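Worksheet: one structure, shown below.
The values are calculated or read from the model by the stated rules, or taken from the named source; none is laboratory data. Just so we're clear, the structure is a prediction, and the values are computed from it rather than from any experiment. Here the Cβ positions follow ideal geometry from the backbone for every residue, glycine too, while neighbour counts run over all protein chains shown. When the accessible area is computed, the model is the full protein with side chains, heavy atoms only, and any ligands, DNA or RNA have been set aside. Shrake-Rupley method; radii C 1.70, N 1.55, O 1.52, S 1.80 Å.
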Amino acid sequence: MKRIPEYIVVVGCLWILSIPTTGWGQGPVATTTYYLHKETVAPWTTIPTLRLANPDQGFSTAQSPNYRNVAAPFLDPVFKTFRSVAPSTPGTILAGSTVTFTVWMKKSTGFGTVYPYVKLWTYDNDDVLGGNLIPVCAATGNTALGTSVTKYILSCTASAASPMTTTRAYRMDVGAYVLASPMQHNLTVSVYFDGIIFSGSYPSSIMIPNSIPPAIGGLSSSSGMIGSRVTIQGAYFGNTQGSSVVTFNGVSAPVHNWSNTSIEVSVPVTDSGPVVVSVHGASSNAASFLVIRPTISSIYPNRGAVGSPVTLTGSNFGEFFDPSSTTLLFNGVETTPTSWSDTTIEALVPSTTTGPVMVRVNGTDSNSVNFTVTFPAISAITPSTAYLGSMVTISGSGFGDSYLPGATRITFNNVAVTPMKWSDTSIRAVVPPTTTGPVVVQTFDAVSNSVLLTILPNLTTTRNRDYIYLGDRPLTIESGGGSNGGSEQYRFVRPLTINHTLVPATQSNFPVLVAKTHPHLKSVSNGGWVERQAGGKPADVAFFANRDLTTPLDFEIERYDPGSGELLAWVRIPSLSSTADTVFYVAYGNAAIAASPEQPAAVWDSHFKFVGHLPNGSVLSAADSSSFGNSGTPVNDPAATTGHVDGAVNLNAAEAQHIRLPASFNHGSAAMTWSAWVRATSLPNAYNAVLAGAASGNSQYTRILVRSDGKLSLSARSEFPAIYGDLSYDGGAHAINPGSW
């Protein structure tokens, strides 16, 4: 029986694992089984496919041409082609690897002698028939085909390595080897494939050895300078480089020599990291390599003016500065360092421009780190006209991140000042005693452009009603004068000081009354500095705990007159000291604010059950400013009138006029305090009502009255949880004097 001598025949079961033991550092090669499916993939709609999935359709067949009168021996290398679909696993199919074919075949008649023939190729996925076909191996069976469908197992060994990439795939050809001609008789060969169980199972398949990635065994040196040569030892690199690459920490290395087991390269410009060989798109294991080179890890600051100090940190700079072998470059300009060690370099920025900073040691350059050379530049001064002592904002760039006395400064017409705030793009400063002239910023050796600031004469103003109340006593009047500029967008800010000697004991969260009338508090249309109004209140008036206006205080504006500049506001002071003066600030003149930031309910904490300001106006209001919303209702039409602070209610005892609190008013179960400004013209009744609230049947009530002798009377009853019964206060040592507050 004749054979094609280059093929090996193996007969056995379907799951024989043909795994060769290969050379250096590599164990048995795993395999992947592909089944022959009748499904096709566009645009090759006549070619069935090799798939990893099990057979999933009724069986299908492919038939050869008629071998009648063929001259034997005759090899038909392919009467049916099957193709897999990329992507495949990149790497190399090793020489010596075994491919196992399992095919179900038969011949049509008993004439002639025919053996199965199969072949495996790899190809570029874009063209199955001619896409850079590379043969893997082929096999001819040693059992002749019969006339019934029979399973045949054939194996072959790859004689050469085959490259695989993610764009290559497999092609399997099924053919026939006619050893004895059927002469004048018809003879065809069929291959059966796919086939789910209920329709007959003919799971033809191919077991293909997996692609092997390259493997690094070791490096001739695990460290070196950039440009030094390193030899990589290993396996499966391929005999020639082709498209294969070697990378050091992701950077391609120049190659000098390449073989299947050894590669010689030069260390590229990179940092320490893994060495990897990539062959046909498959990456090897990684070998660590330490690049010995000066390395800059950081530069601080990373921007600055000429003459400003910078510090470089890193490694491998050398223990000392040697002008003959070490160099520090700013955008190509050398500078002499002020300090040098193996890990730290200090220097002043030379006269140069923005660009890379680099350290050169013995001809090897470090990585470069960008440094921005800044030049102070003023773009605007806001406002462009200002009073002495007012705050202005100088906008621009290149000022530096912080104010450094002795290195940075700002001058107003040659008069230097210490800024309130300083950043790289904005400086806030108070105008010093000077005259109209240029404003200039200097940063180290760099001087900005100059911008003219016009100085206005300070206003002479008169004040009245400038005081703060604690209880019934004015604590202080406004401290400070002139027109002080505010922080951020506020053009003006004034300090308010509470004299601690007038505070009997330290208070927490204490609402104080600020009553001011000042020309600057008029609206802009009336010649003042309040920019915005909303709902009859100044939107750009606010109170703060600090001069920089970063800690706002809760406040409620009770009254505002844009024509006279009168302002009545309640401000909650978090801590009011009896041992040290308390200073807080009122700011105004901010056109960017559309609505008042006041928080009335936050001024009065949960202890306040009812706060009625009784503002003067045409209609009396007993609205509650506390968070409880216990607004009162005027009973028997009492009139609004002028009060001691703002407005008041004019109660006529003969008409039983008073303010009625809600029936559900809950005064709580603890001690109760009533505070109000009261002035009596007469007290005709034994008890004259001021505030009163009662539920149906007087099951609960609150009453505040003034007796005919001017003394106060309080009574309360509640059925709220935790309290039941009457509370009362009647008389006391103090009396209201008719005619005075």
Within segment 574-597, identify whether any single residue is without any contact (Cβ under 8 Å) to a residue 60 or more places away in the chain and crowded, with 19+ Cβ neighbours inside 10 Å, and answer yes or no. no
Being under 26 Å from residue 602 (Cβ atoms), out of contact with any strand residue (DSSP E or B) (no Cβ under 8 Å at 6 or more places or on another chain) and open to solvent by less than 20 Å² (accessible area, probe 1.4 Å) narrows it down to one residue among 626, 664; which is it? 626
With the requirement that a residue be within 15 Å of residue 493 (Cα to Cα) and hydrophobic (A, V, I, L, M, F, W, C), what does segment 376-431 give you? 386, 388, 391, 392, 420, 429, 430, 431
Just checking, does segment 335-347 include any residue being touching a strand residue (DSSP E or B) at 6+ places or on another chain (Cβ under 8 Å), in a strand (DSSP E or B) and in contact (Cβ under 8 Å) with a residue 40 or more places away in the chain? no
Is it true that residue 353 is touching a strand residue (DSSP E or B) at 6+ places or on another chain (Cβ under 6 Å) and open to solvent by 50 Å² or more (accessible area, probe 1.4 Å)? yes
Exactly one of (1) open to solvent by 50 Å² or more (accessible area, probe 1.4 Å); (2) more than 12 Å from residue 310 (Cβ to Cβ) is unmet by residue 367. Its number? (1)
Is it true that some residue in segment 386-401 is in a strand (DSSP E or B) and exposed (fewer than 14 other Cβ atoms within 10 Å of the Cβ)? no
In this structure, does residue 495 turn out to be open to solvent by 10 Å² or more (accessible area, probe 1.4 Å), in contact with a Gly (Cβ under 7 Å, 6 or more places away or on another chain) and either over 22 Å from residue 611 (Cα atoms) or not hydroxyl-bearing (Ser, Thr, Tyr) (or both)? yes
Result of the Cβ filter at 6 Å on segment 37-51, keeping first residues that are of a type in the set (Phe, Trp, Tyr) and open to solvent by less than 80 Å² (accessible area, probe 1.4 Å) and partners that are part of a strand (DSSP E or B) and modelled with pLDDT of 90 or more, at least 6 apart or interchain, is none
Can you tell me how many residues in segment 228-250 are of a type outside the set (Lys, Arg) and open to solvent by 50 Å² or more (accessible area, probe 1.4 Å)? 9
Mind listing whichever residues of segment 629-661 are over 25 Å from residue 700 (Cα atoms) and open to solvent by 60 Å² or more (accessible area, probe 1.4 Å)? 642, 644, 650, 652, 654
What is the one condition in (1) assigned to a loop (DSSP other than H, G, I, E, B); (2) crowded, with 19+ Cβ neighbours inside 10 Å that residue 100 does not satisfy? (1)
Give the residues of segment 518-564 that are among the hydroxyl-bearing types (Ser, Thr, Tyr), part of a strand (DSSP E or B) and open to solvent by 20 Å² or more (accessible area, probe 1.4 Å), sorted by residue number. 560
In segment 402-435, residue farthest from residue 349 (Cα to Cα) [restricted to those that are open to solvent by 60 Å² or more (accessible area, probe 1.4 Å) and of a type in the set (Val, Ile, Thr)]: 435
Considering segment 54-80 alone, what residues qualify as being polar (S, T, N, Q), modelled with pLDDT under 95 and open to solvent by less than 30 Å² (accessible area, probe 1.4 Å)? 60
Could you please let me know if residue 571 is in a strand (DSSP E or B), at pLDDT 85 or above, open to solvent by 40 Å² or more (accessible area, probe 1.4 Å) and of a type in the set (A, V, I, L, M, F, W, C)? no
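Those residues that are within 17 Å of residue 99 (Cα to Cα) and either open to solvent by 40 Å² or more (accessible area, probe 1.4 Å) or touching a Pro at 6+ places or on another chain (Cβ under 8 Å) (or both), I need them from segment 146-161; list them, please.
Answer for segment 146-161, where residues must be within 17 Å of residue 99 (Cα to Cα) and either open to solvent by 40 Å² or more (accessible area, probe 1.4 Å) or touching a Pro at 6+ places or on another chain (Cβ under 8 Å) (or both): 151, 152, 154, 157, 158, 159, 160, 161.
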Consider residue 257 carefully, then state whether it is under 24 Å from residue 272 (Cα atoms) and surrounded by fewer than 15 Cβ atoms within 10 Å (Cβ to Cβ). yes
Is it true that some residue in segment 501-515 is open to solvent by 30 Å² or more (accessible area, probe 1.4 Å), in contact with a Gly (Cβ under 8 Å, 6 or more places away or on another chain) and at pLDDT 80 or above? no
Please verify whether residue 723 is at pLDDT 80 or above, part of a loop (DSSP other than H, G, I, E, B) and either touching a Cys at 6+ places or on another chain (Cβ under 7 Å) or of a type in the set (A, V, I, L, M) (or both), treating the condition exactly as stated. no
Filter result (in contact (Cβ under 8 Å) with a residue 24 or more places away in the chain and among the hydroxyl-bearing types (Ser, Thr, Tyr)) within segment 309-332: 311, 313, 315, 325, 326, 327
Could you list all residues from segment 289-313 that are crowded, with 18+ Cβ neighbours inside 10 Å, more than 32 Å from the chain's Cα centre (by Cα) and among the aliphatic types (A, V, I, L, M)? 291, 306
